[in-house]
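Visitor: Below is the structure I would like to discuss, written out as structure tokens.
Read the figures in this text as sums done on the coordinates, not as results from a lab. Bear in mind the structure is a predicted one, so any value in this text is a computation, not a measurement. Every residue, glycine as well, gets a Cβ built from its backbone with ideal geometry; the counts of neighbours run over all protein chains shown.
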Amino acid sequence: MRIYLDMNIYNRPFDDQSQVKIRLETIAIFSILQKIKNKELKLIWSFMIDYENSLNPYDDVRQEIEMAASLAFKSITPDEAILNAAKEFESNGIKPRDSIHLACALNGKAEYFLTCDDKLIKRASALDMNIKVINPLRFIEDMEVN
């Protein structure tokens, strides 16, 4: 199964863990990363993750996220099809960077796009896409059921 992780997934373990929702999402993310390491899941990486990570002001966090790239099954590079798909997503109310992430996930034939952004999940669910956009907790629940 191919999955794409939004940038907020990589940052979540570095967020304030005093909130229960954030702590639970972090636990789910660590479980997902372990499944990637065990080759139970195939990670799709992208130039957009590299770009957003380069903006991180914390060297230690940026370097930790960079290491996750080594787990990737496939890395997406920019092309016109991604740009066109992203423009289409933007015209449907999805933010520019999120649009590029979604276009990269689709280009990589990801079956799941994981994000902690509830607004993005809601907006993406209104679109007719061949990818399931969900929270990491929901993804773990789906995997346990299936």
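Visitor: With Rg and Dmax of the Cα atoms in Å in mind, check (1) 15.4, 45; (2) 14.4, 42; (3) 24.2, 75 and report the label derived from this structure.
Guide: (2)
Visitor: GLU40 to ARG97: extension gain in nm, 0.36 nm per residue of separation minus the Cα-Cα distance? Walk me through the numbers on the way to the answer.
Guide: Details: separation 57, 0.36 × 57 = 20.52 nm, distance 2.80 nm.
Full extension of this stretch gives 17.7 nm more.
Visitor: A follow-up question, please. Estimate the FRET efficiency between LEU83 and ARG2 by the formula 1/(1 + (r/R0)^6), using the beta-carbon distance for r and 22 Å for R0, to the nearest 0.05. Don't skip to the end; give the middle numbers.
Guide: Details: r = 21 Å, r/R0 = 0.97.
Given R0 = 22 Å and the Cβ-Cβ separation, E is 0.55.
Visitor: For a protection proxy built on the mean count of beta-carbon atoms within 10 angstrom, sort 97-103, 128-134 highest first, please.
Guide: Numbers: 97-103: 24.7, 128-134: 15.0.
Most protected by this proxy first, the peptides run 97-103, 128-134.
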